[in-house]
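First the structure, in the form of structure tokens, and then the observations on it.
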Amino acid sequence: MVISSAIFYRSAPDLASCPDESLPEFAFIGRSNVGKSSLLNIIAGKQGLARVSATPGFTKLINMFTMNKTWRLVDLPGYGWAHVAREDKAKFNQAVAHYLRRRPNLRLVFALVDSSLPPQTMDLEFVEWLADNSVPFVLVFTKTDKAKPAEVKANIAAFSERVSEWCETLPEIFTCSAVARHGRRELLEVIDQAMADLDAEDRAGSGGALPATDQPAVNRAASSGATHGKGSKATRPW
């Protein structure tokens with residue numbers, strides 16, 4: 001996929017304030033200071049599209065960008081920053097939860113995890129919540145340049161092992177580094193494939209003949225394979 005245009009569209013404090021549902025959306029979210037804004041700028045090929053701040057937890061709204069005039073890139077507020085007031089944190093979490101569970105044109109969530117750290121409880125809880133709520137997602141391990149390759153590999157393996165406890169099928173896993181500009185092509189290919197699948201769905205719905213193809217596991221990794229023995233944690237304010 002070639003990004004020919006990337007334009008800021010709207011900031012929304014909650015689901016009700018989000019724009020119309022005419023374009024498919026791809027959301028990025030992770031723990032505060034995971035490197036989300038830097039990654040979004042690289043994906044868009046436009047520095048300054050998403051504001052990079054020295055203060056973790058800077059993003060407090062649902063920020064939407066129109067890409068190629070055909071889809072939206074959604075920058076969701078990060079979670080887990082202790083300096084955010086408790087009442088504000090609850091509002092952010094509720095807004096994000098409503099968006100993830102109720103936004104009909106949300107095609108895929110890119111759940112960002114810091115690869116330089118061992119599995120963090122809050123990241124695991126959030127991914128578990130995605131699986132419990134059948135939200136389609138892939139895992140993106142960021143900051144691969146911040147640790148030795150063997151350490152990054154071990155952290156990813158440990159995280160994957162924990163996820164496998166409540167997912168029959170592991171979601172697709174990707175790695176990236178904003179410093180090394182690694183991972184952009186792979187993530188754009190995921191979006192490109194999801195857009196192609198959506199086009200196929202539209203043609204099928206309108207009666208167009210389609211060749212039989214296998215649906216990539218990435219598109220519905222959570223909704224098709226998630227199981228959990230403890231019951232849903234739909235109201236968890238992660």
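Which one of these does Ser160 not meet: (1) part of a loop (DSSP other than H, G, I, E, B); (2) more than 16 Å from the chain's Cα centre (by Cα); (3) polar (S, T, N, Q)?
(1) is the only condition that Ser160 fails.
Mind checking which residues of the stretch 15-31 are closer than 27 Å to Leu124 by Cα, out of contact with any Lys or Arg (no Cβ under 8 Å at 6 or more places or on another chain) and not in a strand (DSSP E or B)?
Once the filter is applied, which keeps residues that are closer than 27 Å to Leu124 by Cα, out of contact with any Lys or Arg (no Cβ under 8 Å at 6 or more places or on another chain) and not in a strand (DSSP E or B), the stretch 15-31 yields nothing.
Just give me the residues in the stretch 163-201 being of a type in the set (Asp, Glu), over 20 Å from Ser134 (Cβ atoms) and under 18 Å from the mean Cα position of the chain (by Cα), in sequence order.
Scanning the stretch 163-201 gives Glu186, Glu189, Asp192.
Quick one: Ala209 ticks every box in (1) of a type outside the set (Val, Ile, Thr); (2) outside any loop (DSSP other than H, G, I, E, B); (3) modelled with pLDDT under 95 bar one, so which box is it?
For Ala209, the exception is condition (2).
Could you identify the single residue in Lys153, Lys146 that is outside any loop (DSSP other than H, G, I, E, B) and of a type outside the set (A, V, I, L, M)?
Step by step, each of Lys153, Lys146 is checked, and only Lys153 is outside any loop (DSSP other than H, G, I, E, B) and of a type outside the set (A, V, I, L, M).
Among the residues of the stretch 176-196, are any surrounded by 13 or more Cβ atoms within 10 Å (Cβ to Cβ), in a loop (DSSP other than H, G, I, E, B), of a type in the set (Gly, Ala, Ser) and modelled with pLDDT of 90 or more?
For the stretch 176-196, residues surrounded by 13 or more Cβ atoms within 10 Å (Cβ to Cβ), in a loop (DSSP other than H, G, I, E, B), of a type in the set (Gly, Ala, Ser) and modelled with pLDDT of 90 or more: present.
Out of curiosity, is Val127 out of contact with any strand residue (DSSP E or B) (no Cβ under 6 Å at 6 or more places or on another chain) and either over 19 Å from Leu76 (Cβ atoms) or part of a helix (DSSP H, G or I) (or both)?
no
Which residue pairs have Cβ atoms closer than 7 Å, lie 6 or more positions apart in sequence or on different chains, and pair a first residue in the stretch 81-105 that is crowded, with 19+ Cβ neighbours inside 10 Å with a second residue that is modelled with pLDDT of 55 or more and in a helix (DSSP H, G or I)?
Cβ pairs passing all conditions: Ala95/Leu15; Tyr99/Leu15.
Six or more apart or on different chains, Cβ atoms under 6 Å: show the pairs whose first residue is in the stretch 183-202 and over 16 Å from Glu172 (Cα atoms) and whose second is surrounded by fewer than 13 Cβ atoms within 10 Å (Cβ to Cβ) and at pLDDT below 95.
Between residues of the stretch 183-202 that are over 16 Å from Glu172 (Cα atoms) and residues that are surrounded by fewer than 13 Cβ atoms within 10 Å (Cβ to Cβ) and at pLDDT below 95, the close pairs are Ala200/Leu210.
The values are calculated or read from the model by the stated rules, or taken from the named source; none is laboratory data. Note that this is a predicted model, so its numbers are computed, not measured. Neighbour counts run over all protein chains shown; Cβ positions are idealised from the backbone, glycine included.
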